[in-house]
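Notes follow the structure.
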Amino acid sequence: MGHNFPVWHHFRGGKGVSYTCAALVSISFGYGLLACIVGLLGVLVSHYLPIGAVLIPLAFLIPAFRFYGNEVGMIAVILALVMFQRHLPGLKNIPTGTEPRKDLLKSILKNK
């Protein structure tokens with residue numbers, strides 16, 4: 001949470017995608033990696049980074065509760081809520097067409 005709300009920056013920080021991915025993978029390597037892949041596919045299909053960011057913890061919710069219990073499930077809910085809150089401005093911009101689109105495949109191939 002320190003990445004999202006660092007004290008030394010007056011509680012203004014990043015959007016927590018890397019932190020969330022690391023937390024999910026550390027809880028469950030397989031399901032965490034799968035959730036990250038779901039988020040990546042969401043970005044590749046939609047070309048919107050906020051869509052992928054929100055999909056990552058959402059994809060982890062069912063396995064968290066089903067296989068790891070209520071405690072891990074609640075951690076996943078908290079991560080999903082924080083991701084949604086941090087990416088809400090971008091999600092609101094999608095319908096209005098003001099959210100920048102990102103073609104990840106093009107960006108990757110362009111930098112090779």
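Where a number appears in this text, it was derived from the coordinates with a stated rule and is not lab data. Note that this is a predicted model, so its numbers are computed, not measured. Positions of Cβ are generated from backbone atoms using ideal geometry, with glycine treated the same way; all protein chains shown enter the neighbour counts.
In nanometres, what is the gap between the two model label sites at VAL38 and LEU91, each 7 Å from Cα along Cα-to-Cβ?
Here the modelled spin labels are 1.4 nm apart.
Mind listing the long-range amide H neighbours of LYS102? Cut-off is under 5 Å, sequence gap 5 or more, other chains count too, H placed in the peptide plane at 1.01 Å from N.
Here the answer is TYR48, LEU49, since their amide H atoms fall under 5 Å of that of LYS102.
What spacing in nm lies between the two simple spin-label points modelled at PHE65 and ASP103, each 7 Å away from Cα in the Cβ direction?
Taking the two extended label points, one gets 3.9 nm.
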